[in-house]
Amino acid sequence: EAQVTQNPRYLITVTGKKLTVTCSQNMNHEYMSWYRQDPGLGLRQIYYSMNVEVTDKGDVPEGYKVSRKEKRNFPLILESPSPNQTSLYFCASREGVDNSYEQYFGPGTRLTVT
Amino acid sequence: GQSLEQPSEVTAVEGAIVQINCTYQTSGFYGLSWYQQHDGGAPTFLSYNALDGLEETGRFSSFLSRSDSYGYLLLQELQMKDSASYFCAVRNQTGANNLFFGTGTRLTVIP
């Protein structure tokens, strides 16, 4: 089954404790992206990757890091989480950059930073 | 920069037709997408318009007018399961063609 998976689905942590949210897709998609969703603000892009070893900032990258060492995986790293990073996070993938428009989303990770 | 405007809430009766509008401002435009998100779920793709006109997919249709920077999603024969949030999104002309999402319209279908 074609899918995007994220882990963990729920996470409660404390300020400053480094964490990683994993994302994996099994569709051989080139493009992957991370979004955060907050009430009234919709989906805002954090980082994206057009292919292996190619990553770039989205609209709200502060406090986050990513890596793309393999095509299927795109982990989101919070080196020192703060309460304002409490949010619902979605990973997404798309076939390519130019000729695809349907984006597939993972199930989401609800993060609470206390 | 980019901005998208859509109503925050819409309520409609089961079996009726509802239209969710989206106006956009963007430097460079490739196309307008629509996504559906049920409470607790992930956004799922509904439709994409790159050219002016109406695209129909079953009970859902999407319209685009590039000259007016405007589009809408039309849902016909509403069902209770259509209660969800609906997001419009634009692809910009950056090299990555990133999607920029609106803030979403919460549709409530009532009996």
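The values are calculated or read from the model by the stated rules, or taken from the named source; none is laboratory data. From a predicted model like this one, the values you see are computed outputs, not experimental measurements. Methodologically, a virtual Cβ is constructed for each residue, glycine included, from the backbone with ideal geometry; neighbour enumeration extends over all protein chains shown.
Going through the stretch B:95-111 one residue at a time, which ones are assigned to a strand (DSSP E or B), aliphatic (A, V, I, L, M) and surrounded by fewer than 21 Cβ atoms within 10 Å (Cβ to Cβ)?
Passing the criteria: B:Val109, B:Ile110.
Tally time: how many residues in the stretch A:66-96 are within 14 Å of chain B (Cβ to nearest Cβ) and in a loop (DSSP other than H, G, I, E, B)?
4
Out of the residues in the stretch B:77-87 that are surrounded by 16 or more Cβ atoms within 10 Å (Cβ to Cβ) and of a type outside the set (Ser, Thr, Tyr), which is farthest from B:Ala42 (Cα to Cα)?
Among those that are surrounded by 16 or more Cβ atoms within 10 Å (Cβ to Cβ) and of a type outside the set (Ser, Thr, Tyr), it is B:Leu78.
Of all residues in the stretch A:97-114, count the ones that are in a strand (DSSP E or B) and within 12 Å of chain B (Cβ to nearest Cβ).
Result for the stretch A:97-114: 4.
Starting from residues that are more than 8 Å from every other protein chain (Cβ to nearest Cβ) and buried (at least 18 other Cβ atoms within 10 Å of the Cβ), keep the ones in the stretch A:40-54 and report whichever is farthest from the chain's Cα centre (by Cα).
Of everything passing the filter in the stretch A:40-54, A:Ser49 is farthest from the chain's Cα centre (by Cα).
Given the residues B:Ser85, B:Ser61, which is the only one that is farther than 27 Å from A:Tyr89 by Cβ, of a type in the set (Gly, Ala, Ser), modelled with pLDDT of 95 or more and in contact with a strand residue (DSSP E or B) (Cβ under 7 Å, 6 or more places away or on another chain)?
Being farther than 27 Å from A:Tyr89 by Cβ, of a type in the set (Gly, Ala, Ser), modelled with pLDDT of 95 or more and in contact with a strand residue (DSSP E or B) (Cβ under 7 Å, 6 or more places away or on another chain) holds for just one of B:Ser85, B:Ser61, which is B:Ser61.
Tell me, yes or no, whether the stretch B:17-26 has at least one residue that is closer than 29 Å to A:Asp56 by Cα, surrounded by fewer than 17 Cβ atoms within 10 Å (Cβ to Cβ), in contact (Cβ under 8 Å) with a residue 12 or more places away in the chain and not aliphatic (A, V, I, L, M).
yes
Out of A:Gly58, A:Gly63, which single residue is within 14 Å of chain B (Cβ to nearest Cβ), under 23 Å from B:Gln2 (Cβ atoms) and free of Cβ contacts under 8 Å to residues at least 60 places away in the same chain?
Checking each option against the conditions leaves just A:Gly58.
Against the definition (assigned to a strand (DSSP E or B), within 14 Å of chain B (Cβ to nearest Cβ), in contact with an Asp or Glu (Cβ under 6 Å, 6 or more places away or on another chain) and surrounded by 15 or more Cβ atoms within 10 Å (Cβ to Cβ)), how does A:Gln37 come out, yes or no?
no
Test each condition in (1) more than 9 Å from chain B (Cβ to nearest Cβ); (2) closer than 28 Å to A:Val14 by Cβ; (3) in contact (Cβ under 8 Å) with a residue 40 or more places away in the chain for A:Asn28 and report the one that comes out false.
Failing condition for A:Asn28: (2).
Please give the number of the condition B:Leu54 fails out of (1) more than 14 Å from every other protein chain (Cβ to nearest Cβ); (2) aliphatic (A, V, I, L, M); (3) surrounded by 14 or more Cβ atoms within 10 Å (Cβ to Cβ).
Unmet for B:Leu54, out of (1) more than 14 Å from every other protein chain (Cβ to nearest Cβ); (2) aliphatic (A, V, I, L, M); (3) surrounded by 14 or more Cβ atoms within 10 Å (Cβ to Cβ): (3).
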